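Okay, structure first, notes after.
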Amino acid sequence: MLHRFIIFCGIFFNFAFAEIFEPFNKEMLHYLEQMPWHLYELHTVPKLGHFWIDEIDEREKETLREGKIWKSYLIDRMKKYIKKGDRVVDVGAGVGTFSLAMGRMVGLEGRVFAFEGTKQKFRELYYTAHANPEIPISPLFYDLKNVSKNLRESPGKHLENSLVFLEDPNH
């Protein structure tokens, strides 16, 4: 039984997580199969993992290409709260930097549900997760920002780079 659920909000997010969604549909499966491998290289970041990164000029990708951890201060903050066996949600997972870090924290007893709503970033997240089979990550293609019928609104609570804890009321 789930005792607590931890959400990392890497994007502007004003909803509480309500349910798990399917990882992708047939259109996304086709998109994944069309991976332009010639545009990507596998980069290793020590103590974090392997990332499939293209040459697009983005700060996070530049940092990973250099073999450095993106926003390590946020990962340090997460270590105070995320424990072995936790179930963690990464909203706006991008290429998976924080998903990999959290996956190492929760270990094989836990799981990271990594949500990404943009096709290209999801594809990078998907293949990054598969390049790190020892880390328990479930990449999910879903844009949680645009879903209100499946989420409970939390008025006045706007979170970015934040941790949210949903406690099981039975424990």
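The values are calculated or read from the model by the stated rules, or taken from the named source; none is laboratory data. Keep in mind the model is a prediction, meaning the values are calculated, not measured. A quick note on method: Cβ atoms are made from the backbone with ideal geometry, for glycine too, and the neighbour counts reach across all protein chains shown. Side chains are part of the model used for accessible areas, which takes the heavy atoms of the whole protein and leaves out ligands, DNA and RNA. Shrake-Rupley method; radii C 1.70, N 1.55, O 1.52, S 1.80 Å.
Points to keep in mind about this one:
- Condition check for residue 116 on (1) under 12 Å from the mean Cα position of the chain (by Cα); (2) touching a residue at least 40 places away in the same chain (Cβ under 8 Å); (3) over 14 Å from residue 136 (Cα atoms): one failure, at (2).
- Count - residues of the range 99-130 that are under 18 Å from residue 34 (Cβ atoms) and either open to solvent by 30 Å² or more (accessible area, probe 1.4 Å) or not in a helix (DSSP H, G or I) (or both): 8
- Among the residues of the range 34-68, the ones that are within 16 Å of residue 129 (Cβ to Cβ) and part of a strand (DSSP E or B) come to 9 in all.
- Figure legend. Inter-residue proximity from the range 30-46: first residues on the phi < 0 side of the Ramachandran plot and among the aromatic types (Phe, Trp, Tyr), second residues in a loop (DSSP other than H, G, I, E, B) and open to solvent by less than 30 Å² (accessible area, probe 1.4 Å), beta-carbon distance below 7 Å, spacing 6+ or different chains. Indicated pairs: 40/54.
- Looking only at residues of the range 69-98 that are assigned to a helix (DSSP H, G or I) and in contact (Cβ under 8 Å) with a residue 40 or more places away in the chain, we find that the one that is farthest from the chain's Cα centre (by Cα) is 77.
- Pick from the range 1-27, criterion within 17 Å of residue 124 (Cα to Cα) and surrounded by fewer than 17 Cβ atoms within 10 Å (Cβ to Cβ), ranking: modelled with the lowest pLDDT: 25
- Test: residue in the range 141-152 that is open to solvent by 40 Å² or more (accessible area, probe 1.4 Å), in contact with a Cys (Cβ under 8 Å, 6 or more places away or on another chain), modelled with pLDDT under 90 and farther than 30 Å from residue 38 by Cβ: no
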